[in-house]
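J.: Below you will find the structure I want to go over with you.
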Amino acid sequence: MFTDPDCIFCKIVAGTVPCFKLFEDGDTLAFMDINPVHDGHCLVIPKAHYPNVFEIAPEAFAAAARTAARVAKAVKESVKPDGLNLIQANGVGAGQSVEHFHLHVLPRRLNDGVAINWDPKPGDHAHIAEIAEIAARIRALL
Ligand code: AMP
Ligand code: ZN
């Protein structure tokens, strides 16, 4: 499996950096985004390190998509958003800040004004305890 020792998401896969894990299977991992745009905002990654959609193996993309659909249903059920986006960025011009392929599972609220490239505001929306509590609610549905 491809891995990059300097990649934060590879470190999460390896367990050397903590996360609020929601789900994992052999090929993918789902965990809470540490700077959530809305309650329930989480990420789905392939466990192998692929920087972006241009380099990801088709089967890894398929596995991530399968997990994202499963997680999205749990987020919908637990957080009850008005809508939900799956978003995936490739390159700095697209707003990609972590170069390990990831799908954002992003719950939305009506008229929330969220643009495709939002500004991360650490700690602005949800505190760590809130993220943990929401993670437990989503996890219970997976
Ligand atoms: P992007 O800007 O599309 O590359 O998204 C990267 C996302 O990863 C951002 O929403 C960050 O908040 C999130 N993120 C970065 N580091 C961590 C981490 N250690 N744990 C959870 N989420 C993270
Ligand atoms: Zn990585």
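The values are calculated or read from the model by the stated rules, or taken from the named source; none is laboratory data. Computed from a prediction, not measured in an experiment: that's the story for all the values here. Every residue, glycine as well, gets a Cβ built from its backbone with ideal geometry; the counts of neighbours run over all protein chains shown. Keep in mind that these areas ignore ligands, DNA and RNA; they rest on the heavy atoms of the full protein, side chains included. Shrake-Rupley method; radii C 1.70, N 1.55, O 1.52, S 1.80 Å.
J.: Which condition number in (1) in contact with a strand residue (DSSP E or B) (Cβ under 9 Å, 6 or more places away or on another chain); (2) over 23 Å from residue 119 (Cα atoms) is the one that residue 6 fails?
T.: (1)
For every residue, the table says whether it meets (1) of a type in the set (Lys, Arg); (2) open to solvent by 30 Å² or more (accessible area, probe 1.4 Å); (3) away from ligand 1 (no atom under 16 Å from the Cβ); (4) without any contact (Cβ under 8 Å) to a residue 24 or more places away in the chain.
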residue: 1; (1), (2), (3), (4): no, yes, yes, no
residue: 6; (1), (2), (3), (4): no, yes, no, yes
residue: 9; (1), (2), (3), (4): no, no, no, no
residue: 19; (1), (2), (3), (4): no, yes, no, yes
residue: 34; (1), (2), (3), (4): no, yes, no, no
residue: 75; (1), (2), (3), (4): no, no, no, no
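J.: For residue 83, indicate whether it is open to solvent by 20 Å² or more (accessible area, probe 1.4 Å) and small (Gly, Ala, Ser). Walk me through it before giving the result.
T.: On the way: open to solvent by 20 Å² or more (accessible area, probe 1.4 Å): yes; small (Gly, Ala, Ser): yes.
For residue 83, the condition - open to solvent by 20 Å² or more (accessible area, probe 1.4 Å) and small (Gly, Ala, Ser) - is met.
J.: Continuing with this model, one more query. I'd like the residue in the range 48-79 that is among the aliphatic types (A, V, I, L, M) and outside any helix (DSSP H, G or I) and, out of all such residues, is nearest to residue 140 (Cα to Cα).
T.: Residues of the range 48-79 among the aliphatic types (A, V, I, L, M): 48, 53, 56-57, 60, 62-65, 68-69, 71-72, 74-75, 79.
Checking which are outside any helix (DSSP H, G or I) leaves us with 48, 53, 56-57.
Working: 48: 26, 53: 30, 56: 30, 57: 30 Å.
Filtering the range 48-79 for residues that are among the aliphatic types (A, V, I, L, M) and outside any helix (DSSP H, G or I), the one nearest to residue 140 (Cα to Cα) comes out as 48.
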